[in-house]
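No value in this document is a laboratory result; all are computed from the given coordinates. Predicted model, so just to flag it, every value in this text is computed and none were measured. Note: ideal-geometry Cβ built from the backbone for every residue, glycine included; neighbour counts use all protein chains shown.
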Amino acid sequence: PDWSSEVIFEGACPPCTPDCESTGTIEPEASEESSEGLVPNTDGPGVIIGSESTDVGFAWIANSEENWPIGTGSGTVSKLDLETGEEVGRYLVGLAGQDNSPSRTAVDGNGDAYVACRAFAEQGTVVKIAAAPEDCIDRNGNGTIQTSTGSIPLALGTDECVLWTANVGVRGDTPRALVVDLGGLDSSAGLPWVGLHDANRMLQLDPDNGSVLADIPIGVSPYGAAIDSRGNIWISGFFSGQIVRLDSMARTVDPPIGVGGCMGPYGIATDNRDRVWMGTFSNSACRYDPADGSIFQVSLPTSDVSSRGVAVDGFDMVWVAAHSMDAGYFFGFHADDGLGMVSVS
């Protein structure tokens, strides 16, 4: 862009995140500090913003009810290849000697996974797992990475792709919500945030070791968290029937927002227009629009289900995981109008 003149965009333009910042003057040079990813504009003043993408192709699934080996009370996380559906790794997570109950997972810009272990009434943790073998740590110095390559996990603490395990909060704080922010000049892959359900707090963690960078009271008991394109973290408070907006860059929190009619906001996601979607623990999904404060509710085609998890894909299709007493369901519909309902049971 020409930094010295007004630039007019046709249609929606995504907001500028910390990844596209430069400390330059009118005509910043690509060699300047904070200009990584910029190249000189040969056709005029200014620079051209480059881009880089990472495609790792894995889903990370917490097996919260599984004890491995039987009776140890630990819990595992599975790594699935998205193209084949094959389980290509399974990892014991948490601390020895307790039921860790892993639940929420989140992925950063490198494809590495974070896992929140609830550990009810015990010490909750967050665990980081490397997606690529070259990012794992050869702790025993034998020149080979020791890691699970199928459905059988290695002993707790021996898998060299489990990068770290960090205690979060105190016993009984119950980490639930988990999200990775947009990052910035010092962390392009993003920084993890974990919500402590029983302490009504969000913690920002150091991606290198899990130490606490920020500890912020939020006014609700966090169940789920999602980030929008502007760096806002949206947090669902299941029992209070509210959601909260946390500015991840300013580290400030707005007062809780009531979402009347959308009982029990559970899972949470944002769509391509930064609208907030929630599972409601009823047979519907809800959308909150920060632009005008409106609520939009979409009824699911099966009456006896409770919606829980929610996600939005790149085509603005909303996907909702729901269950009844004896079956599980997966529903999808368009984010703008709730039409085009599809159902997988």
- Can you check what the Kirkwood hydrodynamic radius comes to for the range 73-193, Cα pairs only, in Å to one decimal? 14.8 Å
- Message: Shape verdict for the range 122-230, please, from the Cα gyration tensor: rounded (a/c under 1.5), prolate (a/b greater than b/c) or oblate.
- Response: prolate
- Message: Can you compute 3J(HN,Hα) from phi for each residue in the range 193-209, using the Karplus curve 6.51 cos²θ - 1.76 cosθ + 1.60 with θ = phi - 60°, rounded to whole Hz and x for Gly and Pro?
- Response: 10, 10, x, 8, 4, 7, 10, 6, 9, 10, 10, 8, 10, 6, x, 7, 8
- Task: Go through the range 226-240 residue by residue and turn each phi into a ³J(HN,Hα) via Karplus (6.51, -1.76, 1.60, θ = phi - 60°); whole Hz please, and just put x for glycine and proline.
- Result: 8, 10, 9, 6, 9, x, 7, 9, 9, 10, 9, x, 4, 6, 7
- Query: Which whole-angstrom value gives the distance between the alpha carbon centres of the range 120-193 and the range 221-273?
  - Reply: 25 Å
- Ordered by packing density, taken as the mean number of other Cβ atoms within 10 Å over each peptide's residues, highest first, how do 303-315, 192-204, 249-261 rank? 192-204, 303-315, 249-261
- Note on the structure: Checked the range 68-131 with the C-alpha gyration tensor, a ≥ b ≥ c its square-rooted eigenvalues, rounded below a/c of 1.5, otherwise prolate if a/b is larger than b/c and oblate if not; verdict oblate
- Note on the structure: Along principal axes, largest first, the alpha-carbon spread of the range 98-140 in whole Å comes out as 36, 27, 10
- Note on the structure: Over all viewing directions the Cα convex hull of the range 197-345 casts an average projected area in nm² of 9.5 nm²
- What is the packing order of peptides 269-276, 139-146, taking the mean over residues of other C-beta atoms within 10 Å and listing the highest first? 269-276, 139-146
- Task: In Å³ and rounded to a whole number, note down the convex hull volume per residue for the Cα atoms of the range 177-270.
- Result: 86 Å³
- Report ³J(HN,Hα) in whole Hz for each residue of the range 166-176, in order, from the Karplus equation J = 6.51 cos²θ - 1.76 cosθ + 1.60 where θ = phi - 60°; Gly and Pro get x. 10, 5, 10, x, 10, 4, x, 6, 6, x, 10
